[in-house]
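The block underneath contains the structure these notes are about, expressed in structure tokens.
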Amino acid sequence: MTKDGVGVCLRDINMQNCTNAAQVYSARKRTYEIDGVRKNGWFALDFTMAELQSVILTQAIWSRTDKFDFAGYPILSVTDLWHLPSVVKQPSVWLNVQHAIFYKEHGLNMRNYILSIQKRVHVDYISSPELGFLRNISGTVRRKTKLVFSFLDKDLLDQSTNQTYGLLLSNLTFIKSIASGIMVPKSYIWPVTKDNYLQTSTSIVTEAHKAGLEIYASDFANDRIIPYNYSYDPLAEYLNFVSDGGFSVDGVLSEHPITASEAIGCFTNLNSSSKTDHGEPLVISHNGASGDYPDCTDLAYHSAINDGADVIDCPVQVTSDGVLMCMSSINLLDTTNVQRTTFSTRASTISEIQATPGIFTFNLTWGDINSSTLKPKISSPVSEYYLVRNPRYTNHGKFLKLSDFLAIGMDKDLSGVMIIIENAAFVAKSLGIDIVDAVNDALSAAGYDNQTTKEVLIQSKDSAVLVKLKQQKTKCKLVYTLPLGIGDASTSSLEAMKKFADAVVVDRTSVFTLSSDFVIRQNSIVKDLQSTGLAVYAQVFRNEFVSQPLDFFGDATVEINYYVQSFNLSGIITDFPKTVRRYKKNTCTVLGKDMPNYMQAVQVGSLDQLLQTFKAQPPSLPPMPILNASSVEEPPLPPAASRNTPGAPSTSPGTPGAPPSDGHKSIHNIESESRRSYDTPKPLLTCSWTIIRSRLCIMLDEV
């Protein structure tokens, strides 16, 4: 509230972190004691509303983009809300009165202000962490206005009752005599362990409903680290609060309302049939369910199947004794704990594979790899942002031979399997193995030649592999992996690919041109490929919010929804098959013209266009390179060299390189600054949007 008694909408009573008041009024910094805590900064009660017209809103969470700080958004009064444009005919308004006692101590009466605006603003909800304030306005506000008591940390004190919130939680009947509902941090409902896993849910939802109170869960945001049980999927977290089966809250308070809306409106009543629909787009695993378990382990593959994958994948590698196995990288440093074993002395540099030293699958026998000494290591593709996956299972699971993988594929409810072949020329020349023929033999031995129900896809970035298979008149579907970083394809390259490929894998980084994580341009690569009749698979979809452009609001489901509705994709390759499978079950995208706004494809590039109106857009970038035929066509694979010694290459594949700890320092000792620092001490987010049983409400924290 301002000095002249105007209620304003701010995320925090201290304007220092959410406005540029410190720059505009540098000499007006003050110190106040608020709820027993001394705070330094800039406060609305020291300014008139007219003075605040010179102040603009800024992003208070420093891990988020600062581009909108330059958009000049003004501080709004409560009465300004009624004039905001909205897709909802009459949006509900929720006022959160955070510090009524403090304002009263300084001559400003929050109760009188709310009563004075009732005729101009239709207020549906009023919340406060001060039960005394709610008691004071009870009976004076409109009968339809709901009063909601907001719980803070259990050890904190409600100054109006001189009781802790933990103690008040045990007296819900008393709260019901004043309020119609309670608002609690989500941890009140689902407590979290110190290592960030869910504990058993509490009974607070049941107890609140038994007392006749509605209950709202707060503190939802897509770009926070949520418990690992949710696999970085914010929609999964919402569903744990609104469709658990045992209980459901009456509303959630979210900083990303699109996710809350889709969760409640489209995913709470999904078909639970055990039979998987294998229609397109296919759900294709990427190293199994590698978002939850170490790549290409038995745990990852069985999880992918249970999560609804249509196709599971096996990147084929070769051991020193000629065993074909599934592993996401030929370099054991990437996928195992080999650096901490006695095998660490086998490091070498092999320029045909990589410029840095490695310990490769063909340096060890299958017995070595399958031993208890060597353990898998879970992948963390966005570890530079200090986001890691499922730490409790970092080194769990067993690697599989290709034959074991194929047996699983034959036995389970899958539409098929995908075999990925890389480094075929090196394997033939240096290891004396024709990996294409070896894969064909394995498929034949597993019975895939004598059946028609399971499709076999063979993927490679080496066109020579697919050309050889084409010449052999294979029955497998041939899938070419495009190079990274291309935006368009020339006619000659399309014609070249069509000669040997049935489908193409395009990386998500080629679909859009990004600048500062904003989409500034959609490239034509998918359209180019589909125009020739090639099926298109897109990869790699991940749940972590830093892996998506900002246009998708940190929600993997929003991104998947855009790809499915905008492109006629034949498949989606993902680390998290469960997320894509759940999307395919949603109840909204089949509604046609009645599909709700929040489930329609977002307008990618619209954020960049909005920033352009304020001349705050990210830097412009030139078009991405065009794929030419010369980048696609390759010489034929060389014949397999003779193997002089069983299990050993005919010639030395390389010379000993630097110790792995030096050569792979960048993998194990990441010290670079993240563009988003998630541990930056900042006030908890309190200004939110609220979704209440499909009703959209605006929640305002300071009035």
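The values are calculated or read from the model by the stated rules, or taken from the named source; none is laboratory data. Values in this document were obtained by computation on a predicted structure and should not be read as measured data. Glycine gets a Cβ as well: all are built from the backbone with ideal geometry, and neighbour counts include every protein chain shown. Surface accessibility is based on the protein's heavy atoms, side chains included, excluding ligands, DNA and RNA. Shrake-Rupley method; radii C 1.70, N 1.55, O 1.52, S 1.80 Å.
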Flag if LYS176 is closer than 24 Å to GLY132 by Cβ, crowded, with 16+ Cβ neighbours inside 10 Å and not aromatic (Phe, Trp, Tyr) = yes
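Just one of VAL456, VAL436 is touching a residue at least 60 places away in the same chain (Cβ under 8 Å) and not in a loop (DSSP other than H, G, I, E, B); which is it?
VAL436
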Is one or more of the residues making up the range 383-395 touching a residue at least 40 places away in the same chain (Cβ under 8 Å), over 25 Å from ASP195 (Cβ atoms) and either open to solvent by 10 Å² or more (accessible area, probe 1.4 Å) or part of a helix (DSSP H, G or I) (or both)?
-> no
Considering only the range 487-501, state which residues are surrounded by fewer than 19 Cβ atoms within 10 Å (Cβ to Cβ) and either assigned to a strand (DSSP E or B) or touching a residue at least 12 places away in the same chain (Cβ under 8 Å) (or both).
-> ASP488, SER490, SER492, GLU495, LYS498, LYS499
Out of all the residues in the range 443-452, is one or more among the acidic types (Asp, Glu) and either in contact (Cβ under 8 Å) with a residue 60 or more places away in the chain or closer than 30 Å to TYR228 by Cβ (or both)?
-> no
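This table checks each residue for (1) closer than 29 Å to PRO391 by Cα; (2) touching a residue at least 12 places away in the same chain (Cβ under 8 Å); (3) part of a loop (DSSP other than H, G, I, E, B); (4) open to solvent by less than 30 Å² (accessible area, probe 1.4 Å).
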residue: VAL252; (1), (2), (3), (4): yes, yes, no, yes
residue: ALA260; (1), (2), (3), (4): yes, yes, no, yes
residue: ASP277; (1), (2), (3), (4): no, yes, yes, no
residue: GLU280; (1), (2), (3), (4): no, yes, yes, no
residue: GLY291; (1), (2), (3), (4): yes, yes, yes, yes
State whether one or more residues within the range 46-63 are crowded, with 18+ Cβ neighbours inside 10 Å, among the polar types (S, T, N, Q) and closer than 28 Å to LEU611 by Cβ.
-> yes
Candidates SER460, SER379 - the one that is under 28 Å from the mean Cα position of the chain (by Cα), open to solvent by less than 30 Å² (accessible area, probe 1.4 Å), polar (S, T, N, Q) and over 30 Å from PHE545 (Cβ atoms) = SER460
Within the range 468-483, can one find any residue that is out of contact with any strand residue (DSSP E or B) (no Cβ under 8 Å at 6 or more places or on another chain), assigned to a helix (DSSP H, G or I) and buried (at least 18 other Cβ atoms within 10 Å of the Cβ)?
-> yes
Restricted to the range 396-423 and to residues being under 30 Å from THR193 (Cα atoms) and open to solvent by 60 Å² or more (accessible area, probe 1.4 Å), the residue nearest to the chain's Cα centre (by Cα) is HIS396
When you scan the range 534-593, how many residues do you find that are assigned to a loop (DSSP other than H, G, I, E, B), free of Cβ contacts under 8 Å to residues at least 12 places away in the same chain and either farther than 20 Å from SER231 by Cβ or of a type in the set (D, E, K, R) (or both)?
-> 2
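Considering only residues that are of a type outside the set (Asp, Glu), assigned to a loop (DSSP other than H, G, I, E, B) and within 25 Å of TRP94 (Cα to Cα), which ones fall in the range 1-28? Let's see the steps before the verdict.
Here is the first cut: in the range 1-28, the ones of a type outside the set (Asp, Glu) are 1-3, 5-11, 13-28.
Those left that are additionally assigned to a loop (DSSP other than H, G, I, E, B): 1-3, 5-7, 9, 11, 13, 18, 20, 25-28.
Passing the criteria: MET1, THR2, LYS3, GLY5, VAL6, GLY7, CYS9, ARG11, ILE13, CYS18.
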So which residues in the range 64-76 are in a loop (DSSP other than H, G, I, E, B) and either open to solvent by less than 20 Å² (accessible area, probe 1.4 Å) or out of contact with any Asp or Glu (no Cβ under 8 Å at 6 or more places or on another chain) (or both)?
-> ASP66, ALA71, GLY72, TYR73, ILE75, LEU76
Looking only at the range 203-245, which residues are open to solvent by less than 50 Å² (accessible area, probe 1.4 Å), under 27 Å from TRP94 (Cα atoms) and among the hydroxyl-bearing types (Ser, Thr, Tyr)?
-> TYR216, SER218, TYR238, SER243
Within the range 594-609, of all residues that are aliphatic (A, V, I, L, M) and touching a residue at least 12 places away in the same chain (Cβ under 8 Å), the one farthest from GLY308 (Cα to Cα) is LEU607
Return the residue satisfying two criteria in turn: it lies in the range 618-637 and is of a type in the set (S, T, N, Q) and open to solvent by 80 Å² or more (accessible area, probe 1.4 Å), and of such residues it is modelled with the lowest pLDDT.
-> SER620
Hits in the range 115-140 (condition: part of a helix (DSSP H, G or I), at pLDDT 95 or above and out of contact with any helix residue (DSSP H, G or I) (no Cβ under 6 Å at 6 or more places or on another chain)) = LEU131, GLY132, LEU134, ARG135
Conditions (1) farther than 23 Å from ASN136 by Cα; (2) open to solvent by 30 Å² or more (accessible area, probe 1.4 Å) -> THR79 fails only (1)
For GLU559, the lone unmet condition from (1) acidic (Asp, Glu); (2) open to solvent by 20 Å² or more (accessible area, probe 1.4 Å); (3) within 14 Å of the chain's Cα centre (by Cα) is (2)
Any idea how many residues of the range 516-544 are under 28 Å from SER328 (Cα atoms), touching a Phe, Trp or Tyr at 6+ places or on another chain (Cβ under 9 Å) and open to solvent by less than 10 Å² (accessible area, probe 1.4 Å)?
-> 7
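Can you name every residue in the range 251-297 that is farther than 18 Å from CYS326 by Cβ and of a type in the set (D, E, K, R)?
GLU255, GLU262, LYS275, ASP277, GLU280
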Among the candidates SER328, SER320, SER351, SER344, which residue alone is in contact (Cβ under 8 Å) with a residue 12 or more places away in the chain, of a type in the set (Gly, Ala, Ser) and in a helix (DSSP H, G or I)?
-> SER344
Residue by residue through the range 25-81, note down the ones that are of a type in the set (Lys, Arg) and over 31 Å from the mean Cα position of the chain (by Cα).
-> ARG28, LYS29, ARG30, ARG38, LYS39
Of all the residues that make up the range 142-151, how many are assigned to a loop (DSSP other than H, G, I, E, B) and crowded, with 18+ Cβ neighbours inside 10 Å?
-> 2
When you look at ILE101, is it part of a helix (DSSP H, G or I), of a type in the set (A, V, I, L, M, F, W, C) and surrounded by 19 or more Cβ atoms within 10 Å (Cβ to Cβ), yes or no?
-> no
